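Let me begin by handing over the structure; questions about it come next.
The values are calculated or read from the model by the stated rules, or taken from the named source; none is laboratory data. If you're wondering where the values come from, they're calculated on a predicted model, not measured in any experiment. A quick note on method: Cβ atoms are made from the backbone with ideal geometry, for glycine too, and the neighbour counts reach across all protein chains shown.
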């Protein structure tokens, strides 16, 4: 991922309506978790970052289950972080 794309993604992660999401997503990005992902996994993270806050929060807290097999491993990583 190019630096400009990464910075746009980081901006989207920081400017969430839910502070909890802001912290979770930004911590994953800044902590190096994102850098360890494959290109496909990074794209899955981007898709998750594009979700509505409450839908994503429900996935990360386990209130909802993810049915997309591409996104499930990233949700599992975020749940642990």
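Filter the range 54-71 down to the residues that are over 11 Å from the mean Cα position of the chain (by Cα) and more than 17 Å from residue 34 (Cα to Cα) and list them by number. Break it down stepwise before answering.
Step one: of the range 54-71, the residues over 11 Å from the mean Cα position of the chain (by Cα) are 54-55, 58, 61-70.
Within the range 54-71, 54, 55, 58, 61, 62, 63, 64, 65, 66, 67, 68, 69 meet the criteria.
Test of understanding: among 21, 59, which residue is touching a residue at least 24 places away in the same chain (Cβ under 8 Å) and crowded, with 16+ Cβ neighbours inside 10 Å? I'd like the intermediate steps shown before the answer.
Details: 59 fails: touching a residue at least 24 places away in the same chain (Cβ under 8 Å).
Going through 21, 59 in turn, the sole match is 21.
Which residue is farthest from the chain's Cα centre (by Cα), if the candidates are limited to the range 23-49 and must be outside any helix (DSSP H, G or I) and modelled with pLDDT of 95 or more?
Checking each candidate, the answer is 38.
Here's something else I'd like to know. Scan (1) loosely packed, with under 14 Cβ neighbours inside 10 Å; (2) without any contact (Cβ under 8 Å) to a residue 24 or more places away in the chain for the single condition residue 26 breaks and write down its number.
(1)
Sticking with this one: When you check residue 47 against the structure, is it touching a residue at least 24 places away in the same chain (Cβ under 8 Å) and surrounded by 12 or more Cβ atoms within 10 Å (Cβ to Cβ), yes or no? Talk me through it step by step, then tell me what you get.
Details: touching a residue at least 24 places away in the same chain (Cβ under 8 Å): yes; surrounded by 12 or more Cβ atoms within 10 Å (Cβ to Cβ): yes.
For residue 47, the condition - touching a residue at least 24 places away in the same chain (Cβ under 8 Å) and surrounded by 12 or more Cβ atoms within 10 Å (Cβ to Cβ) - is met.
Now for a separate question. Hey, among the residues in the range 1-17 that are surrounded by 14 or more Cβ atoms within 10 Å (Cβ to Cβ) and in a loop (DSSP other than H, G, I, E, B), which one's modelled with the highest pLDDT?
Per the stated criteria, the residue is 16.
Follow-up question, since we're still on this one. I'm told residue 66 meets every condition in (1) farther than 18 Å from residue 10 by Cα; (2) part of a helix (DSSP H, G or I) except one. Can you identify the failing condition by its number?
(2) is the only condition that residue 66 fails.
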